[in-house]
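One structure below.
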Amino acid sequence: MMNAKEKFDKLLLKIIDEELKHIFGEVATSLIYNHLERNHSLKREEIPEKLEVFIRGLEEFLGSG
């Protein structure tokens with residue numbers, strides 16, 4: 001059974017995923033996740049625990065375009 005933190009993390013990741021896909025589309029969202037993993041060693045499922053890294057990586061990715 002999931003505890004409250006695990007439920008929150010799962011929900012947060014779902015919302016982030018849905019919003020990225022809504023704003024940027026499937027392909028760009030995949031590129032963002034690949035950038036985060038390659039350049040920031042941040043796997044998609046680690047985003048809730050490492051929000052600061054996610055934010056910095058996303059800002060860097062979007063600023064590079």
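Checking each residue in the stretch 49-65 for being over 11 Å from LEU36 (Cα atoms), open to solvent by 100 Å² or more (accessible area, probe 1.4 Å) and modelled with pLDDT of 95 or more picks out GLU49, GLU52.
Kindly establish whether PHE24 is among the hydrophobic types (A, V, I, L, M, F, W, C) and surrounded by 14 or more Cβ atoms within 10 Å (Cβ to Cβ). When the stated conditions are applied, PHE24 passes them. Entry remark, the stretch 18-55: residues being in contact with a Phe, Trp or Tyr (Cβ under 9 Å, 6 or more places away or on another chain) and either assigned to a helix (DSSP H, G or I) or hydroxyl-bearing (Ser, Thr, Tyr) (or both) number 11 in total.
Applying a threshold of 8 Å to beta carbon distances and a minimum spacing of six or more residues, or different chains, the list of pairs starting in the stretch 1-22 at a residue that is within 14 Å of ILE47 (Cα to Cα) and ending at one that is in a helix (DSSP H, G or I) and open to solvent by 80 Å² or more (accessible area, probe 1.4 Å) reads ASP9/GLU49; LEU13/ARG44; LEU13/GLU45; ASP17/ARG44. Filtered by the rule that a residue be surrounded by 14 or more Cβ atoms within 10 Å (Cβ to Cβ) and either of a type outside the set (Phe, Trp, Tyr) or touching a strand residue (DSSP E or B) at 6+ places or on another chain (Cβ under 7 Å) (or both), the stretch 31-48 gives ILE32, HIS35, LEU36, GLU37, HIS40, LEU42, ARG44, GLU46, ILE47, PRO48. For first residues located in the stretch 33-58 and of a type in the set (D, E, K, R), partners that are assigned to a helix (DSSP H, G or I) and open to solvent by 80 Å² or more (accessible area, probe 1.4 Å) and lie 6+ apart or on another chain with Cβ distances below 6 Å form the pairs LYS43/GLU37. As a summary of the residue check, ILE15 satisfies the conditions (1) open to solvent by less than 90 Å² (accessible area, probe 1.4 Å); (2) at pLDDT below 95; (3) among the aliphatic types (A, V, I, L, M) except for the one numbered (2).
The values are calculated or read from the model by the stated rules, or taken from the named source; none is laboratory data. Everything numeric in this text was worked out from a predicted model, so none of it was measured. Please note: Cβ atoms are built from the backbone with ideal geometry, for glycine as well, and neighbour counts cover all protein chains shown. The accessibility values were calculated without ligands, DNA or RNA, using every heavy atom of the protein model including side chains. Shrake-Rupley method; radii C 1.70, N 1.55, O 1.52, S 1.80 Å.
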